[in-house]
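Below is one structure, written out as structure tokens; comments come after it.
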């Protein structure tokens, strides 16, 4: 990873973990073209810089795309578990590397809470043993679901985060997303972080 990007990751993580209580629901806003990079930066920060463990909920591209990027940047994936909502619709062959659950398309987003709450999986990834849940581009859910269903998902996600002790919940949203979704996010989240702010600091 370039030194400039690594500096952004460090600043971003310092900000995320500066709060006294890490049990928070945080939105990270970025441009649509920067969604994948934003997810990479956040995962680099959680997994590599802070040695955290958690879930990455995939909404845009099959999980192996992010897995490939993490490998390229030497980020270990032993502490990440993917929830892939995309592969079923992509036509690509599913690649199960032992750290992924597949949901039957993004129409079934409510299924992910059952995956996180279940008790038949590796103890390391039980809800009370993980540190973060990162949700890929939340705006893309409106391509497959009604606003009402997305609203229910966001509120359920908040309850899941707040019902845990120190779990950090992050959702990435693109800066040109639907105004109604933006209003909902602002009502439910603890903070909206603008990735561009950290990029600008690095430029100066």
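The values are calculated or read from the model by the stated rules, or taken from the named source; none is laboratory data. Treat the numbers as computed from the prediction; the structure is a model and nothing was measured. Ideal geometry is used to build each Cβ from the backbone, glycine not excepted, and the neighbour counts take in all protein chains shown.
Descriptive notes on the structure:
- Residue in the stretch 18-39 that is over 21 Å from residue 173 (Cβ atoms) and touching a helix residue (DSSP H, G or I) at 6+ places or on another chain (Cβ under 7 Å) present: no
- Qualifying residue in the stretch 137-159 (condition: touching a residue at least 12 places away in the same chain (Cβ under 8 Å) and part of a strand (DSSP E or B)): no
- Residues located in the stretch 63-80, provided they are touching a strand residue (DSSP E or B) at 6+ places or on another chain (Cβ under 8 Å) and over 18 Å from residue 38 (Cβ atoms): 79
- Restricting the stretch 158-172 to residues that are in contact with a helix residue (DSSP H, G or I) (Cβ under 8 Å, 6 or more places away or on another chain) and closer than 21 Å to residue 38 by Cβ, the residue that is surrounded by the fewest Cβ atoms within 10 Å (Cβ to Cβ) is 158.
- Of all residues in the stretch 125-136 being in contact (Cβ under 8 Å) with a residue 12 or more places away in the chain and assigned to a loop (DSSP other than H, G, I, E, B), the one that is surrounded by the most Cβ atoms within 10 Å (Cβ to Cβ): 136
- Residue within the stretch 161-172 that is in a helix (DSSP H, G or I) and either at pLDDT below 85 or within 19 Å of residue 42 (Cα to Cα) (or both) present: yes
- Residues of the stretch 173-197 that are surrounded by 12 or more Cβ atoms within 10 Å (Cβ to Cβ), assigned to a helix (DSSP H, G or I) and either at pLDDT below 85 or over 18 Å from the mean Cα position of the chain (by Cα) (or both): 180, 197.
- Considering residues of the stretch 16-39 that are assigned to a helix (DSSP H, G or I) and either in contact with a strand residue (DSSP E or B) (Cβ under 7 Å, 6 or more places away or on another chain) or modelled with pLDDT of 95 or more (or both) only, the residue nearest to residue 129 (Cα to Cα): 16
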